[in-house]
Each structure stands twice: as C-alpha cells, then as structure tokens.
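Novice: Sharing a structure with you now.
Readers should treat all values here as calculations from the given coordinates under stated rules, not as data from a laboratory. Not measured: the values here are computed from a predicted model. All Cβ positions, even for glycine, are placed from backbone atoms using ideal geometry, and neighbour counts span all protein chains on display.
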Amino acid sequence: MYSYLLPEFLVERRGERCIKCRVCERQCPNGVHRYDVELDMMFSQERECVGCQRCAVFCPTNALCVQPHPASYRPNAS
C-alpha cells in the first residue's frame with residue numbers, strides 16, 4: 001500500500017563512504033536498510049524509519065545520517 005504522507009525521517013547515505021558492510025541492515029529493528037546483491041548497492045526505505053539512530057551510530061565509516069524530514073510540521077509553542 002502506498003501512502004502520500006511524507007516520511008518522518010530522511011536517511012542519507014554517502015555512497016563514497018559506504019563500504020556495504022551491512023551493519024546498518026543488521027542493526028535496524030524496522031528493516032529500513034536493504035542490500036541488493038545484483039546491483040551491489042544498499043537501499044533505504046525511509047517510510048519505516050523511526051529515527052532511533054542505531055544505523056548511524058554503528059556505521060563504521062559514518063556514511064549514514066538520519067534527520068527529521070525538512071517538510072514535516074514544525075512544533076510550535078501554541
């Protein structure tokens with residue numbers, strides 16, 4: 001099922017730093033990261049991300065950055 005809502009978090013992966021060790025895939029409790037053997041690439045499904053930062057913390061090359069989506073609603077005081 002496709003949703004038209006924006007994901008809550010953006011997962012940015014720097015391709016030049018990613019060594020495809022798949023640590024992020026093993027550490028993610030929600031299955032956000034996936035390795036494609038045929039393409040030899042890592043992919044991220046941002047809709048599943050809850051912002052726990054486990055992938056970014058355990059990445060040995062600091063190739064990942066998880067941050068709130070810039071187009072999401074901003075909290076205000078009122």
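Novice: How high is the relative contact order of the chain? Use alpha-carbon pairs under 8 Å, at least six apart in sequence, and give a whole percent.
Specialist: Computed over the chain, the figure is 41 percent.
Novice: I've got another one for you. Counting only helical runs of four or more DSSP H residues, what would the 222 nm mean residue ellipticity of the chain come to if each run contributes -39,500 (n - 2.57) and the total is spread over all its residues?
Specialist: -2500 deg cm²/dmol
Novice: At most 11 other Cβ atoms within 10 Å and a DSSP loop assignment: could you name the GluC sites (Glu not before Pro) in segment 7-38 that fit?
Specialist: Of the GluC sites (Glu not before Pro), the ones in loops of segment 7-38 whose Cβ has at most 11 other Cβ atoms within 10 Å are Glu16, Glu38.
Novice: Give me a comma-separated list of calculated 3J(HN,Hα) values for segment 13-28, in order, Karplus coefficients 6.51, -1.76, 1.60 applied at θ = phi - 60°, integers in Hz, x for any Gly or Pro.
Specialist: Taking θ as phi minus 60°, the curve returns 10, 7, x, 6, 9, 6, 9, 6, 7, 6, 5, 4, 5, 6, 7, 6 Hz for segment 13-28.
Novice: Sorted by mean Cβ packing within 10 Å, highest first, what order do the peptides 40-46, 69-75 take?
Specialist: 40-46, 69-75
Novice: Something else: Using θ = phi - 60° and the Karplus curve 6.51 cos²θ - 1.76 cosθ + 1.60, what whole-Hz ³J(HN,Hα) does each residue of segment 57-65 get, with Gly and Pro shown as x?
Specialist: 5, 8, 5, x, 10, 6, 8, 10, 9
Novice: Further question: Largest first and in whole Å, what are the equivalent-ellipsoid semi-axes of segment 1-51 based on the Cα gyration tensor, each being the root of 5 times an eigenvalue?
Specialist: Taking √(5λ) for each Cα gyration eigenvalue gives 20, 12, 11 Å.
Novice: Hey, another quick one. Pulled fully out, how much extra length does the chain show between Glu48 and Leu6, if you take 0.36 nm times their separation in residues and subtract their Cα-Cα distance?
Specialist: 14.0 nm
Novice: Looking at the chain, which Cys residues are left with no other cysteine's beta carbon under 4.7 Å from theirs?
Specialist: Result for the chain is Cys18, Cys21, Cys28, Cys49, Cys52, Cys59, Cys65, no neighbouring Cys Cβ within the cutoff.
Novice: Further question: Please list, in chain and number order, the residues 5+ apart from Val11 or on another chain whose amide H is under 5 Å from its amide H, with Hs placed from the backbone.
Specialist: The answer is none.
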